[in-house]
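Peer 1: Below is a structure I'd like to ask you about.
The values are calculated or read from the model by the stated rules, or taken from the named source; none is laboratory data. What you are looking at is a predicted structure, and each value in this text was computed from that prediction instead of being measured. When we count neighbours, we look across all protein chains shown, and the Cβ atoms used for this are built from the backbone with ideal geometry, even at glycine.
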Amino acid sequence: MNTATRLTVDVWSDIACPWCYVGKRRLEGALARFAHRDQVAVRWHAFELDPDAPAAVDPRESLAQRLARKYGRTVAQAEAMNAHLVNLAKGEGIAMDFVRLRSGNTFDAHRLVHWAGLHGRQDEMKERLLRAYFSEGELMSDGETLVRLATEVGLDAAEARAMLARGEHADDVRADEQRANLLEIHGVPFFVFAERFGVSGAQSVDVLLDTLNKAWATTRSSDTTQVDRT
């Protein structure tokens, strides 16, 4: 961490979570308005909404059909929900395409985010994966796709491929998920400011900015297992 850092923002999210993409944009909006932006470090943590998801789902079943089956809704209701998300995301400058979207397991993508962090590219990697998944129809469980996306943020292809093949950072992903359980995080995105103030969901820029200011003005708690939710 940069020695100038005085405030950390830890974010639990999944790559296959549209609200996490929206939440990332809103956090960026809040940080752009925060007077001490250069002293804030954002750290991304893994959270799998569906840890048992297969590498790829049956392409014959649409996303709306899968959502309807999973949440006990009609296909029409699921389609309406997706349309609402597309319009909402557009307002945040995000072009979501649920027609092209290819669902699958995100565990390896989370490993890649951890590895990118060691090379100072964690935020860039997270952003690239979200755009690839929600806007470009990329499959997050495909190793060569992940390698290509890593190179697009300036990481070495051979090193990324070797890392994925060796199964590195699996323990880091599991540690993130165990920490989420300890903090009683059951949905994402979830933001923890200064290891103390928790904000659940893709809240507005104003809410996130208010929490940034509150965290900045408060001495960091030494008990990192207790998070005050706002």
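Peer 1: Is it true that some residue in the range 169-176 is in contact with a strand residue (DSSP E or B) (Cβ under 6 Å, 6 or more places away or on another chain), hydrophobic (A, V, I, L, M, F, W, C) and not in a loop (DSSP other than H, G, I, E, B)? Working first, answer last.
Peer 2: As a first pass, look at the range 169-176 and keep what is in contact with a strand residue (DSSP E or B) (Cβ under 6 Å, 6 or more places away or on another chain): 173, 176.
Add one more test, that the residue is hydrophobic (A, V, I, L, M, F, W, C), and what stays is 173.
Remaining after also requiring not in a loop (DSSP other than H, G, I, E, B): 173.
Checking the range 169-176: at least one residue is in contact with a strand residue (DSSP E or B) (Cβ under 6 Å, 6 or more places away or on another chain), hydrophobic (A, V, I, L, M, F, W, C) and not in a loop (DSSP other than H, G, I, E, B).
Peer 1: Sticking with this structure for a sec: If only one of VAL199, VAL207, VAL113 is surrounded by fewer than 18 Cβ atoms within 10 Å (Cβ to Cβ), among the aliphatic types (A, V, I, L, M) and closer than 20 Å to PRO18 by Cβ, which one is it?
Peer 2: Working: VAL199 fails: surrounded by fewer than 18 Cβ atoms within 10 Å (Cβ to Cβ); VAL113 fails: surrounded by fewer than 18 Cβ atoms within 10 Å (Cβ to Cβ).
Selected residue: VAL207, the only one of VAL199, VAL207, VAL113 that is surrounded by fewer than 18 Cβ atoms within 10 Å (Cβ to Cβ), among the aliphatic types (A, V, I, L, M) and closer than 20 Å to PRO18 by Cβ.
Peer 1: Sticking with this structure for a sec: Working only within the range 111-128, note down all residues that are without any contact (Cβ under 8 Å) to a residue 24 or more places away in the chain and not in a loop (DSSP other than H, G, I, E, B). Even if it seems obvious, please write down each step before you answer.
Peer 2: Restricting attention to the range 111-128, the residues satisfying the condition of being without any contact (Cβ under 8 Å) to a residue 24 or more places away in the chain are 118, 120.
Within the range 111-128, just LEU118 meets the criteria.
Peer 1: How many residues are in a helix (DSSP H, G or I), surrounded by 11 or more Cβ atoms within 10 Å (Cβ to Cβ) and either among the aliphatic types (A, V, I, L, M) or free of Cβ contacts under 8 Å to residues at least 24 places away in the same chain (or both) when one looks only at the range 46-72?
Peer 2: At the first step, the residues of the range 46-72 found to be in a helix (DSSP H, G or I) are 63-71.
Still in the running and surrounded by 11 or more Cβ atoms within 10 Å (Cβ to Cβ): 63-69.
Then keep just the ones that are either among the aliphatic types (A, V, I, L, M) or free of Cβ contacts under 8 Å to residues at least 24 places away in the same chain (or both); that gives 63-65, 67-69.
Qualifying residue count for the region: 6.
Peer 1: Somewhere in the range 73-88, is a residue assigned to a loop (DSSP other than H, G, I, E, B) and either surrounded by fewer than 19 Cβ atoms within 10 Å (Cβ to Cβ) or within 17 Å of the chain's Cα centre (by Cα) (or both)? Walk me through how you get there before you give the answer.
Peer 2: Initial filter on the range 73-88 (assigned to a loop (DSSP other than H, G, I, E, B)): 73-74.
If we keep only those that are either surrounded by fewer than 19 Cβ atoms within 10 Å (Cβ to Cβ) or within 17 Å of the chain's Cα centre (by Cα) (or both) too, we end up with 73-74.
Yes, the range 73-88 contains a residue that is assigned to a loop (DSSP other than H, G, I, E, B) and either surrounded by fewer than 19 Cβ atoms within 10 Å (Cβ to Cβ) or within 17 Å of the chain's Cα centre (by Cα) (or both).
Peer 1: Scanning the range 1-37 for residues that are touching a residue at least 12 places away in the same chain (Cβ under 8 Å) and among the β-branched types (Val, Ile, Thr), which turns out nearest to HIS84 (Cα to Cα)?
Peer 2: If we filter the range 1-37 for residues that are touching a residue at least 12 places away in the same chain (Cβ under 8 Å), which is where we start, we get 1-2, 4-27, 29-31, 33-34, 36.
After this cut, where a residue has to be among the β-branched types (Val, Ile, Thr) as well, the list is 5, 8-9, 11, 15, 22.
Working: THR5: 37, THR8: 32, VAL9: 28, VAL11: 24, ILE15: 19, VAL22: 13 Å.
Once the filter is applied, the top-ranked residue is VAL22.
Residues checked against (1) part of a helix (DSSP H, G or I); (2) at pLDDT 95 or above; (3) touching a Phe, Trp or Tyr at 6+ places or on another chain (Cβ under 9 Å):
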site	(1), (2), (3)
PHE98	no, no, yes
ALA109	yes, yes, yes
LEU130	yes, yes, yes
TYR133	yes, yes, yes
MET140	no, yes, yes
